[in-house]
Amino acid sequence: MLDNAEKTTRLLAALKAAAPFEVELTERLLKHLLAQHNAVADRTHHTVSDLSYAGDEGGIVCHIVPPEKREALVVSLTHVRVPRSMPLAAAVVDYQKHRVNKLKKQGRP
C-alpha cells in the first residue's frame, strides 16, 4: 500500500473542508494536457471544488471544474501545487513527497 490510510483519511477530510481552494498545475501536467488539446491547459491556476480518494493508483485526487464547465479535470494531488499560504500546505507537501518516493521505489513514474 502506498498511502498511510489514517494520515490520508485525515488529510482528505481536511482538504474537503477547505475546498474550494486554488492550486497550480505542474509543468509536466500542463504539457500533457496541451498535447491532448485539453481546454483546462489554457491557464495554470485553477480552483479545486472537491476531492476524493482513488486508491493506490491515484491517491487523493482533485476535482477541477473550470468556470465554463465544459471539461472537468480529476487529477492526483501529486500533480498540483498548493499555495504556501494555505494552512494545509505542509501536510500536502509531506503527502506528495511520501507518495512520489513510494512510487519511485515501485518503479512507477
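The values are calculated or read from the model by the stated rules, or taken from the named source; none is laboratory data. Quantities reported herein were computed from a predicted structural model and do not represent experimental measurements. Virtual Cβ from ideal backbone geometry, glycine too; neighbours counted across all protein chains shown. Surface accessibility is based on the protein's heavy atoms, side chains included, excluding ligands, DNA and RNA. Shrake-Rupley method; radii C 1.70, N 1.55, O 1.52, S 1.80 Å.
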Restricting to lysines and to Cα separations under 25 Å from K16, and discarding same-chain partners fewer than 8 apart, the set is K7, K69, K97, K102
Can you compute the charge dipole magnitude of the chain about its Cα centre, using +1 on each Lys and Arg Cβ and -1 on each Asp and Glu Cβ, nothing else charged? Give it in debye, rounded to the nearest 20. 380
Pair E27, D50: separation of 7 Å Cα→Cβ label points (nm): 3.4
Ordering T78, T44 from largest to smallest accessible area (1.4 angstrom probe), what's the sequence? T44, T78
Could you work out the per residue convex hull volume over the alpha carbons of the chain, in cubic angstrom? 99
List the aspartates and glutamates whose alpha-carbon lies under 16 Å from that of K105, not counting same-chain residues fewer than 8 positions away? D3, D56, E57
Applied in sequence order to the range 62-70, the curve 6.51 cos²θ - 1.76 cosθ + 1.60 (Karplus, θ = phi - 60°) yields integer Hz couplings, x standing for Gly and Pro, of 9, 9, 10, 10, x, x, 6, 6, 7
Per the helix-only calculation at 222 nm, which mean residue ellipticity applies to the chain, given -39500 (n - 2.57) for every DSSP H run of n ≥ 4 and division by its residues, nearest 500 deg cm²/dmol? -12000 deg cm²/dmol
Ignoring ligands, DNA and RNA, what percent of the 1.4 Å accessible area of the range 9-55 is carbon and sulfur? 57
For H37, H46, H98, H63, the accessible-area ranking with a 1.4 Å probe, largest leading, is H37, H98, H63, H46
If we count GluC sites (Glu not before Pro) as exposed when they sit in a DSSP loop and have at most 14 other beta carbons within 10 Å, what is the longest stretch of the chain that avoids them all? 1-67
According to a simple spin-label model (label point 7 Å from Cα along Cα-to-Cβ), what is the distance in nm between S76 and L34? 2.2
Could you give me the ³J(HN,Hα) list for the range 78-87, computed from phi with Karplus coefficients 6.51, -1.76, 1.60 and θ = phi - 60°, whole Hz, x at Gly and Pro? 6, 9, 9, 10, 9, x, 4, 6, 5, x
Can you list which of the trypsin sites (Lys or Arg not before Pro) found in the range 1-73 are DSSP loop residues with at most 14 other C-beta atoms within 10 Å? R43, K69, R70
Whole-Hz Karplus couplings 3J(HN,Hα) for the range 7-17, θ = phi - 60° and coefficients 6.51, -1.76, 1.60, Gly and Pro as x, run 4, 5, 4, 5, 5, 4, 4, 5, 5, 4, 5
